Every structure is written in structure tokens, then in C-alpha cells.
Amino acid sequence: QFFVFCHGLLQLSQLLVSGYLKSSISTIERRYGLSSQTSGLLASFNEVGNTLLIVFISYFGSRVHRPRFIGCGAILVSLAGFLMSLPHFITGPYKYDQSVASMFSNTTDLCEPRVPASQGNFSDAGCTPHAARENHEVLLVMFIAQALLGIGGVPIQPFGISYIDDFASERNSPLYLGILFSVTVIGPGVAFMLGSAMLRFYVDIDKVARDGVQLTNKDPRWVGAWWLGFLIAASLVAVSAVPYFFFPREMPKEVGEFPLFLSDFPLVLLRNLRHPVYLLVVLAQVNLSAMVAGLATFMGKFLERQFSLTASLANMIIGAVNIPGAMVGIVVGGAILKRFQMSLRQCSAMCVLGMFLCLLVAFPLLFLGCPTQKVAGVTYSESSEFGHHALECNRQCNCPEKAYNPICGSNAIEYISPCSAGCRVVNINADNSVLNYTNCSCISENGLAGFAKPGTCGTGCSHLFLPFVVLSCLAGILASTSHTPSFMLILRSIQPEDKSFAVGIQFMLLRVLAWMPGPVLYGSAIDTTCILWEKKCDRKAACRYYDNNLFRQRYLGLQFFFEVGAF
């Protein structure tokens, strides 16, 4: 029982490390200027190390000191967690464009006709060879950490489960494995809640004084303390690893064990892959897993952009609504199975029904959303004769090309920076934050120069937020009811001695076909809907503005496509 407790704790903290990255992905994109394709690759990169080893590890499972192996794996995972937060400590403080001269920079992004020289100091300030190299180092460190995380995670689940199954009595084994299984489902929920808590703190909480920061967490330039969660999760893993070095190796050998040798490997593989039920169920699960992979990685970002939520609130919704919804679905599916003692045909009918209802509920989601807010020179121009940035009204302002400090005019149009709105005056609150911008030549209200508030205007989509969350939660519940019956289909339709191997192959196929390419595919699809890229050293960095309708159609459309595939 103590082993089960330790293993539950370890699996939870391991999932915290891998799940926490997904909760802070939009923040890391913003901090280091990554495209969604890159961040999707990063998010799925831990599967690479994992997949290469998992088959052999499950194959040689009974021949090694399992608890010690689990302990070593856990130490690798913990190391990976600490490595993930390292970029924060090797790079300088986060820089963003400011209207108020501060300790960081004496440049401002107000409209200043007098100084044509101010052109240079913004645009290429961060473009030294050092800055470019620093960015490569950050990515390298994170990819190495993700690979380590995958490798360290390999022994944890298979060895832990087989160890428990070997030692627990027949009666208690299902209970123990059920406990572990529920932990693996709760884990990501806890990770998103942790993300929600950490992203409320400013990223450089350890480097700058609180009063030196002029951003609130509602600001589109806000970057939360993404690295803090990695430190917490990695420390938890390190603590959970300790007991494993003290568990014994010895165990009474079960009788009637089927001896597996490497020479049988291709034979068993082919025998399983030729099995039509096995193959079809695994393909359905591949579709569902690809959907979940995209959902988990970019749902937060989607909610942030579509409904103008803070990163913290978006994580809160996913951790407190969507993931528990999926849990409910899994439990309900299992309960129905147990209650009605279903045959294989009934199991498959239940999967099909669940997916059909899921499709019905998920279809309306494609239409629940709003277009991108009006952004001058990006999604909106008052008249067609002026080009991309050169608005007449801010011609004399010498605006830096790269400035990004969105403000919302009193005319309900968003401007990329106070300069592009022609604002010449900034008013400051007592706590050093911006109150508003006045004397803006581009914002005219009945002939007078208007004013603007800091921050984005938002999409005006808040009335659709509740129906969206309810429907997406329902769709999740319905899709996940097919989880347990589909597993039963696999376990009951193959030869008993192939069972553990078939499940191993199944997980490997899910990784290779869904968990790895899924986030990259979603990230690439999201990148195609960007309408204004941040430029860093003449390369595309993070996306400033998406075409929200396209974003929604492609992101949810991809999801719907996979749901149809599973159905």
C-alpha cells in the first residue's frame, strides 16, 4: 500500500512537469518569440525519447530491479523539470515596449515629431548576435529537457504497474490500478491549476522590483512566471523519487508466465497488427488522441484569443471544467460497462454512440465566436487609400516599426502602439501604471482628438463564452465515455499471452501517430491564421494578431475532423 501511495505521488508529480508546459505554452511563446509550430513541436518532443525506449523497457521488464529503475527515471524527470526553468535564469529580463521612460529604456512609443532619430533605437535594439544566440540556447535547453523528460518517464508507468500487479492480491490489484489510473487523469487538471496560479505572478518577479513593472496581467504583453511551476513540480518529483531506492527487488514469481524472447518479437507484432478489431480500435484511439493532444496543447491559447481571457483564467477553466468533464466521461463509461456486463458488440456500439453524440454537440462550437477586434492598419482601415502602417494621422510621428503596446481608442478601435494612434501625452496613476493616453491625432471623436486606454479592446465575445464552455465540456464527456469500452475491445479480442505486448504496441502507435505529430499539426494550422507577426532579427517570432474566425474554424475544424475519424 505504501508503494501504491508513492507511485500515485510520483505519477502525479511527473504529470505536473509534462502537463505544466502545456498550461504555460502561450506564455513561453510570447516570452521567447516562438511560433505555434515550434511550441507544438516542443510540447510533443518528450514523446520522442519515450517512444524509442518504451517497447524494449516493457519487454525486459521482469529482468531488472524495478523500483530502482523507477527511482532513476524519476531523478531524470526531476532534472528535466529544473532544466525547463533554466532559460529564465540564463536570459536577461523580459523587455517590452513602453510609453514611459523607465529603468530599462529611455525610448518611448509615444508620438514624438521632434526626434526623427528615435527610429533606430527601437527596431534593432534586441538584434545583436548575442541576442540571436541566446534564443537558440533557450530552445536547445528546452528541447533537451523535454527529451530527458520522455526518457525518464519510460520506466515509471510500466514497471510500477507490473510491480503492483505482481505483489497485490488478485482482489486488490484492480483497486490499486484504478487509483493510479485516476491519478493520471487528475494530474493534468492539477497542472493547469498550477499554471493558473503561477501565471498571475510577473515573469521577472525575482529580477525587478514590483513597482518597476507597468503591466497588469490583463495586458497582451504580460508574461507570467512560467518558470516557477517547473521548479515546484521538479522538486515534488525529486521528493517522490527517494523511497524507490529502498523498496526490495524480490518477489515470488508468478506461475504460468509466458516466456518472451527477442526472436518472437516480429512474429507477435505481425500477429497483432493483422488483427482487424485490434487495428481498427487502435486507429480510432489514434484519432481521439490526436484530438486530445491538440486540445490540451492549444486550448488555453484558443480561449485567450477568442474570448480575451487572461492566460491564468484560461488555465483555470481547462483545469476545473474540461478535464474533470473528461474524468466523469471515463468513469460513466466504465460504470455502464460494469453494470450491463456488455458483450464485445455492445462495447463497440457504445463507442459509436458516444462519438456520434459528441459530433452533434461539437458541431455548433465552430460557430460560437467573434471576429478579431478592429485593429488599425491590421484588420481595419478607415479608407482604402493608405497602406499598411503609414496612416496619414501619424505620418509625422516617426513610429518605430516594431513597437507593440496595444491601446484601445475611445472610438473602440485598437492601435498597435500609442504612437500609431498619434498619441502625444501619457497620464500615469499613482502606482506608476498607465491611466490613459490623450491628444491622439488618429482617434477623432466629433472633430476633437480622442483618448485611449492601455490594453487590447478585446473581442466582445464574452456572451458566447459560457455556452462554449458548456458545449465543449459536454462534447468531452461524451467522447471520453468510449475510453474504457475501447480498451475492453482490445483486451478481449487478442490472445491472452499477447495482452501486455499488445497494450505496449498500442501505446507506441498512439505516441507515434497522435501524441507526437498532433501538437505540431495543430500548431502549424494555427500559424496559418496569423495576420501580424512579431519580428525578431528579421525572422518571424510570436504572433501578435490572429484572424479569429480562421483560427476558430481551423482549430476546431481539425478537432471535428479527428472526431469524425474516430467515429
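In table form, for the structure just shown:
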quantity	calculated
Given (1) small (Gly, Ala, Ser); (2) over 30 Å from residue 162 (Cα atoms); (3) over 19 Å from the mean Cα position of the chain (by Cα), number of the condition residue 182 does not satisfy	(2)
Count of residues meeting criterion [at pLDDT below 85 and hydrophobic (A, V, I, L, M, F, W, C)] in the range 359-408	9
Qualifying residue in the range 84-101 (condition: among the hydroxyl-bearing types (Ser, Thr, Tyr), crowded, with 22+ Cβ neighbours inside 10 Å and at pLDDT 90 or above)	no
Unmet criterion (only one of (1) surrounded by 17 or more Cβ atoms within 10 Å (Cβ to Cβ); (2) farther than 23 Å from residue 536 by Cα; (3) modelled with pLDDT of 80 or more) for residue 419	(2)
Hits in the range 391-416 (condition: acidic (Asp, Glu), in a loop (DSSP other than H, G, I, E, B) and open to solvent by less than 40 Å² (accessible area, probe 1.4 Å))	none
Number of the condition not met by residue 542 [criteria: (1) modelled with pLDDT under 90; (2) assigned to a helix (DSSP H, G or I); (3) buried (at least 19 other Cβ atoms within 10 Å of the Cβ)]	(2)
Enumeration of residues in the range 331-368 that are open to solvent by 60 Å² or more (accessible area, probe 1.4 Å) and free of Cβ contacts under 8 Å to residues at least 60 places away in the same chain	331, 338, 339, 340, 341, 345, 346, 353, 360, 367
Residue that is most open to solvent (accessible area, probe 1.4 Å) [pool: residues in the range 422-473 that are free of Cβ contacts under 8 Å to residues at least 60 places away in the same chain and either closer than 30 Å to residue 328 by Cβ or assigned to a loop (DSSP other than H, G, I, E, B) (or both)]	446
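Residues checked against (1) assigned to a loop (DSSP other than H, G, I, E, B); (2) open to solvent by 10 Å² or more (accessible area, probe 1.4 Å); (3) without any contact (Cβ under 8 Å) to a residue 60 or more places away in the chain; (4) assigned by the TED database to the domain that holds residue 544:
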site	(1), (2), (3), (4)
166	no, yes, no, no
175	no, yes, yes, no
180	no, no, no, no
207	yes, yes, no, no
219	yes, yes, no, no
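The values are calculated or read from the model by the stated rules, or taken from the named source; none is laboratory data. Predicted model only: the values in this text are computed from it and were never measured. Ideal geometry is used to build each Cβ from the backbone, glycine not excepted, and the neighbour counts take in all protein chains shown. Heavy atoms of the whole protein, side chains included, go into the accessibility calculation; ligands, DNA and RNA do not. Shrake-Rupley method; radii C 1.70, N 1.55, O 1.52, S 1.80 Å.
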